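The values are calculated or read from the model by the stated rules, or taken from the named source; none is laboratory data. Remember, it's a predicted structure, so these values are computed and weren't measured experimentally. A quick note on method: Cβ atoms are made from the backbone with ideal geometry, for glycine too, and the neighbour counts reach across all protein chains shown.
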Amino acid sequence: MVGRKNIINNIDWITIILYVIMVFFGWVNIYAAVYNEEHQSILDFSQRYGKQLIWISASVVLIILIFLIDSKFYSFFSYPIYGVFLILLVAVLIFGKQIHGAKSWIELGPVKLQPSEFTKFATNMALAQFLSAYNISIKKFKNLVIALVIIFVPAFLILLQNDTGSALVYSVFVLVLYREGLSANLLFIALLVAILFVSSLLVNKLYIIVALITLAIIVYYFVTLRKKLFFKTIIILLVSIVIVIGLNYVLKLQLQNYYLLIIALIVAGALFSIYAYRYKLKNSFIVFLILIGSIAFTFSVDYFYNNILVDHQRRRINILLGLETDPLGIGYNVNQSKIAIGSGGFSGKGFLQGTQTKYNFVPEQSTDFIFCTVGEEWGFIGSFGVIVLFSLLLIRLILLAERQRSSYSRIYGYGVVGIIFFHFIINIGMTIGITPVIGIPLPFFSYGGSSLWSFTILLFIFLKLDASRFELLW
Amino acid sequence: MESYANRKYLIIVLVVLISLIYSIRLLSLQVLDLSYKLSADNNATRYVAQYPARGRIYDRRNRLLVYNEAAYDLLVIPNQMNAFDTTELCSIIDFTKEELLVQIQKARKYSYYKPSVIVKQLSAKVYAVLQEKIYKYQGFFVQTRTLRKYPLKTASHILGYLGEVDENIIKNSKYYKIGDYIGINGIEKSYEEELRGVRGVKIYLVDVHNRIKGSYKDGKYDKQAIAGNNLVLSIDEKLQEYGEKLMQNKIGSIVVIEPETGEILALISSPTYNPELLVGRVKSINYSKLVNDSLKPLFNRALMAQYPPGSTFKIVNGLIGLKEKIIKPSSRFRCSFGYRVGNFYQACHHDTAFNLISAIQNSCNAYFSMAFRNILDDKKMKNISESLENWRRDVISLGLGNKLNCDLPNEVNGFIPSAKFYDRRYGRGRWKSLMLVAMGIGQGELLTTPIQMANLAAIIANRGFYYTPHIVKKIEGKDLIDQRFLVKRYTLFDSSQYKVIIEGMDKAVNGGYGSTAVYAALPNIRICGKTGTAENPHGEDHSIFMAFAPKDNPKIAIAVYVENGGYGATWAAPITSLMIEKYLCDTISRKYYENRILEANLLDRGRKEKHN
């Protein structure tokens, strides 16, 4: 039992303190969000704050259990645990209970659990186990595919549960792959595809094309070595744009603006290809091809969305992008949420003094929109505090991950960082109107046993691994 | 194995960058942009108007004329509604199922989250039934309003009625909001600001579904409603009721004024209507019925009907003749069954020479035709225009030709023609006194209203002054009524001139056989009066009588109009006599007399063509 003492000494207390502050502050805000004068006792277990106290107590038990289990257990049982949760996900699809349109709940007597929450750490373990195996390089195409399969199988099952938000979380494992050596170019292309897909559904095509062309020109300027040629090609482009627009006007063709732009681009591109070929401008030519590819992709998204996707799939994308969530019209929820946060001012209305969240103007005020209560009652001081807490936690976790000796622990650590980071970006982003409304909880803050436990397990397995980092050298 | 440890920096930078972006966004949202704070206030608070009780109205002897009764509006918030027993609810509120569904559909169309009225102004009885069952109808609730109640159901034209404010009123006023009630007519209109009180407000915190969660800051910013002031009217309800009874089945009006104060003791316009017809849910149906009634019961004849004054106007010309020294009390004019000048002939009934007093007593057309011509052709004046203007000034000083500006709405001016009027009609300098001679006996272009004639009776009773007639005696909580009712207004005549006229009016009533108004005489009260018969192109003449009593120290001045009643003596004079007796003695000594009036039905006369 020498290790026991070591473990207590080696535990990262900074992270634990941050965890305790977040859980406590989260509970305070759940209390405020559902507070009403009839149920004032904090131990009223019919109320959400009462229940959350139970979940928190249970979390303490979970933490102790996690620390009692040998650290080797986690890496050793990564695949079996992953397998169990995949089976659970399938089981949910068959036996699950539907809440808010998502069939993602399992009922065990009085307790309702959401396996998809727990699959996050299981997937993280499996991914870590796979990538940390000896002689595995992500650069190999085969390995990349296997890693992606590990990631996307649970994501796909969750998608089938109609819980698009939770499924989307799995995309964050790309961050882990990046840290483990995924090609930056590949990442760039993946990012470009994702951004183009979302923006082509949300934004006017013309703006996208103009933005892409501008971006391409800037990149072209930096990659080309012969600046004279750069200006020549720009002039060709401008001239062809003017000619095309002029022709459209004279011949009264009445083509839409973005078609004109594309025609001009193709004309200029043909001329440019000749230059590129003659002067061997390989880099510039790649930029041009990517530009054409992106534009083609933008239009194919439209086609894909309108002709290939069926109605309920379209609906799901719409919901994901916040185009269809609110019964009271697009933007209602976000607007109410912004009003709640904005009305908090610099120092907030004070504990229990919030009106927007307490009186149900904000939807899901104790779960997905808990940040509104923070913003309204604690003001900028409180909401800024939460952001500082999260960035401190994330940076601390990155540093912890980097100090791991085993790559399993490091990869697992980055998985924790990624998952928390993703939830942080999306959850707070949607309440302040930056990201689409995707219903995922704010880690450690939002009400709900499944969410609190899954984040606790996720985090504390890593802390256990970290605390025992000296025990293992493999 | 290649190490990618440097990639941690990019990830850290990403964390910091996003935290920074979010912090800046929060700073702008929470600290820099103030608009969200305003939105929040509107979001979470609901201002519920607290309607003050409207002032009650009493008569001069503190008999209650108008009070308030609670009425109950049934409202619904559609999204809180559940399936319920429509048949039962329909039977309670007396709706058909279709009507109810239409109302609910309307409410849905307006808003799912905000309350809409399903049915307005349910009675306390219906409310009692509803209240027991309302728990079954989720989403429905009841809001209390008040309705006017009229225990005595009289004086409708005086009291007026209430109506919902329209868009125009809302636009032009800071006070009124949609759904408010406002006085539309009568003293409800003219004393609207006294009666309505000041609306208060209660601020509630509500949730997104508009459910009340409690009061805002413990009611710190609530404003208590201030009840409206009660009004005490100058009318004597008994007299008013009696007058309305006498006028039943007749068209016309009675105005009774207390000469020494200008207070209106009774103001009757007939036909009248039950004031309760214009209250509550039945209002709109009844209102259109009343508007379309050919007898125009909503038309307040006492203030708005303009008639030629007929022979009652002779006393005006008598006064002016005396003042301008055209006639002396002793000077006589000859009447030989009329007044004849060239081709002109004004019929009359006498074959004797009259002095002023006996001319009034016998209402001699010839006398006043001659007198009026002499006034117009007065040698002292430059020309007829000047003498007409001079005459007109005298007439107007008697409160004729302009609104009296009493405290009831919709008064009209009447008409006293000016020289300009005749210049326009005949051309400048192309009209002569003979062309105007009909005005000598109150016909022609002259128009006056019943209230003006009652006021004229008051002026004569006072021997030369009047207070602007008014109907509100006291506003509770205020020491004084409007200043304009406290000013003694003098006429351009001398009390000695009135004395002569009064003698004539006395004789007309009490002069015995042959006097024009013997039907008005009372054994124990000396009434002075003058009959009038207004020519009416549409039917039989209007019967007019104006009087005051007693002769010395008068207590009552009165004008009575009975449309199509024929001679003034036939209907107006006896009605006047009964009204005076009722007011001064409180009992009617001549029951047969009263019965004759009560049983008379003159409504059809107006529809017959005039029989010459």
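Here are the numbers for the structure shown:
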item: Residue check for A:Glu107: among the acidic types (Asp, Glu) and assigned to a helix (DSSP H, G or I); result: no
item: Among residues of the range B:237-277, those that are among the aliphatic types (A, V, I, L, M) and touching a Ser or Thr at 6+ places or on another chain (Cβ under 7 Å), counted; result: 5
item: Test: residue in the range A:229-246 that is surrounded by fewer than 17 Cβ atoms within 10 Å (Cβ to Cβ) and among the basic types (Lys, Arg); result: yes
item: Residue within the range B:408-419 that is under 23 Å from B:Leu159 (Cα atoms), in contact with a Lys or Arg (Cβ under 8 Å, 6 or more places away or on another chain) and buried (at least 23 other Cβ atoms within 10 Å of the Cβ) present; result: no
item: Residue in the range A:64-85 that is under 29 Å from A:Glu364 (Cβ atoms), modelled with pLDDT under 90 and buried (at least 20 other Cβ atoms within 10 Å of the Cβ) present; result: no
item: Number of positions in the range B:430-459 that are more than 14 Å from B:Cys406 (Cβ to Cβ), touching a residue at least 12 places away in the same chain (Cβ under 8 Å) and either among the charged types (D, E, K, R) or not in a helix (DSSP H, G or I) (or both); result: 9
item: Residues being buried (at least 24 other Cβ atoms within 10 Å of the Cβ) and of a type in the set (Gly, Ala, Ser) - total across the range A:383-433; result: 6
item: Residue match in the range B:373-391 (condition: touching a Cys at 6+ places or on another chain (Cβ under 8 Å) and either on the phi > 0 side of the Ramachandran plot or of a type in the set (Lys, Arg) (or both)); result: no
item: Verdict on B:Leu295 being outside the structural domain of B:Ser515 (by TED's automatic domain parsing), touching a residue at least 40 places away in the same chain (Cβ under 8 Å) and within 22 Å of B:Asp604 (Cα to Cα); result: yes
item: Strands (runs of 3 or more DSSP E) (entirely within the range B:188-300) containing at least 2 residues that are more than 14 Å from every other protein chain (Cβ to nearest Cβ) and closer than 16 Å to B:Thr154 by Cα; result: B:231-233, B:252-258, B:263-270
item: Residues of the range A:80-104 classified as among the hydroxyl-bearing types (Ser, Thr, Tyr) and either over 24 Å from A:Asp163 (Cβ atoms) or not in a helix (DSSP H, G or I) (or both), total; result: 1
item: Condition check for B:Lys507: among the charged types (D, E, K, R), touching a residue at least 40 places away in the same chain (Cβ under 8 Å) and surrounded by 13 or more Cβ atoms within 10 Å (Cβ to Cβ); result: yes
item: The one condition in (1) facing chain B (nearest Cβ under 10 Å); (2) at pLDDT 85 or above; (3) within 12 Å of A:Ala33 (Cβ to Cβ) that A:Phe369 fails to fulfil; result: (1)
item: Residue list for the range B:341-367, restricted to those being crowded, with 16+ Cβ neighbours inside 10 Å and part of a strand (DSSP E or B); result: B:Gln346, B:Cys348, B:His350, B:Ala353, B:Phe354
item: Number of positions in the range B:145-187 that are in contact with a strand residue (DSSP E or B) (Cβ under 9 Å, 6 or more places away or on another chain), basic (Lys, Arg) and part of a loop (DSSP other than H, G, I, E, B); result: 1
item: Members of the range A:123-168 found to be charged (D, E, K, R) and either buried (at least 16 other Cβ atoms within 10 Å of the Cβ) or assigned to a helix (DSSP H, G or I) (or both), listed by number; result: A:Lys142, A:Asp163
item: Filter result (of a type in the set (Val, Ile, Thr) and buried (at least 22 other Cβ atoms within 10 Å of the Cβ)) within the range A:441-474; result: A:Thr456, A:Ile461
item: Top-ranked residue in the range B:2-48 [being more than 8 Å from chain A (Cβ to nearest Cβ) and part of a loop (DSSP other than H, G, I, E, B); ranked as modelled with the lowest pLDDT]; result: B:Ser3
item: Tally, over the range B:177-197, of residues that are surrounded by fewer than 17 Cβ atoms within 10 Å (Cβ to Cβ) and either within 16 Å of B:Val66 (Cα to Cα) or hydrophobic (A, V, I, L, M, F, W, C) (or both); result: 1
item: Residue match in the range B:198-219 (condition: touching a residue at least 24 places away in the same chain (Cβ under 8 Å), farther than 17 Å from B:Val472 by Cβ, surrounded by 18 or more Cβ atoms within 10 Å (Cβ to Cβ) and touching a Leu at 6+ places or on another chain (Cβ under 6 Å)); result: yes
item: Strands (runs of 3 or more DSSP E) fully within the range B:521-612 counting 1 or more residues that are more than 20 Å from B:Tyr242 (Cβ to Cβ) and not assigned by TED's automatic domain parsing to the domain that holds B:Thr449; result: none
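Residue-wise test of (1) among the small types (Gly, Ala, Ser); (2) within 14 Å of chain A (Cβ to nearest Cβ); (3) touching a strand residue (DSSP E or B) at 6+ places or on another chain (Cβ under 6 Å); (4) surrounded by 14 or more Cβ atoms within 10 Å (Cβ to Cβ).
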residue: B:Pro52; (1), (2), (3), (4): no, no, yes, yes
residue: B:Arg63; (1), (2), (3), (4): no, no, no, yes
residue: B:Asp73; (1), (2), (3), (4): no, no, yes, yes
residue: B:Cys90; (1), (2), (3), (4): no, no, no, yes
residue: B:Lys97; (1), (2), (3), (4): no, no, no, no
residue: B:Lys120; (1), (2), (3), (4): no, no, yes, yes
residue: B:Ser123; (1), (2), (3), (4): yes, no, no, yes
residue: B:Phe140; (1), (2), (3), (4): no, no, yes, yes
residue: B:Gln143; (1), (2), (3), (4): no, no, yes, yes
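Here's the yes/no breakdown for (1) surrounded by fewer than 20 Cβ atoms within 10 Å (Cβ to Cβ); (2) aromatic (Phe, Trp, Tyr); (3) more than 22 Å from B:Tyr592 (Cα to Cα):
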site	(1), (2), (3)
B:Tyr498	no, yes, yes
B:Val518	yes, no, no
B:Phe548	no, yes, yes
B:Ala557	no, no, yes
